1. For Asn87 and Phe99 in one chain, what is 0.36 nm times their gap in residues minus the Cα-Cα distance, to one decimal in nm?
2. Out of all DSSP beta bridges with both ends in the chain, state the antiparallel percent to the nearest 5.
3. Taking the Cα centre of region 2-102 as origin, sum charge times position over the Cβ atoms of Lys and Arg (+1) and Asp and Glu (-1), and report the length of that vector in debye to the nearest 20.
4. Working only with C-alpha atoms, what are the Rg and Dmax values of region 19-105, expressed in angstrom?
5. What lysines could a cross-link reach from Lys103, if we take a straight Cα to Cα line under 20 Å and drop same-chain neighbours fewer than 8 places away?
6. Mind listing which chymotrypsin sites (Phe, Trp or Tyr not before Pro) in region 33-105 are in a DSSP loop and have 16 or fewer other Cβ atoms within 10 Å?
Amino acid sequence: MSYKWPDKDPDEMLDYSVDWSRFLGDDTISSVTWFIHDADGVKQQVSDSSVVNGLQFVQGTVSGRVATARFSLGTNNIRYNVVCRINTGENLQYERSIFLRVKEK
């Protein structure tokens, strides 16, 4: 199942978050890894300032049970598939796909 974030203009730099609290119970996030699918649909791991298919992953942060990614750039009328993977203190791993559409406003 994939989720959807609000559209982003190519000229905007915005934060998008995934709230993991309903999955974690008393568990905690120990690490977060972000991915963007490239033009061929291959999942590419990103780090600060990475650009995949025109979308820039600026940075990622964690606050409590919420993982946040900041994105910039992007190609107009492209729907990006972004993946957030977390590892927990109890050694569980969760992964969610989120669509982010870039649309000129």
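Nothing in this text is a laboratory measurement; each read-out follows from the coordinates by a stated rule. For clarity, every value in this text was computed on a predicted model and none was experimentally measured. Cβ sites come from the backbone with ideal geometry, for glycine too, and all protein chains shown count toward neighbours.
1. Working: separation 12, 0.36 × 12 = 4.32 nm, distance 2.11 nm.
Separation in residues times 0.36 nm, less the Cα-Cα distance, equals 2.2 nm.
2. Numbers: 38 of 42 bridges.
Approximately 90 percent, going by the DSSP bridge assignments.
3. On the way: 10 positive and 13 negative charges, 41 e Å.
Taking the Cα centre of region 2-102 as origin, the dipole is about 200 debye.
4. Both quantities, over Cα of region 19-105: 13.6, 43 Å.
5. Within the straight-line limit of under 20 Å, Lys103 reaches these lysines: Lys4, Lys8.
6. Numbers: sites: Trp34, Phe35, Phe57, Phe71, Tyr80, Tyr94, Phe99; in loops: none.
Counting only loop positions with at most 16 other Cβ atoms within 10 Å, none of the chymotrypsin sites (Phe, Trp or Tyr not before Pro) in region 33-105 qualifies.
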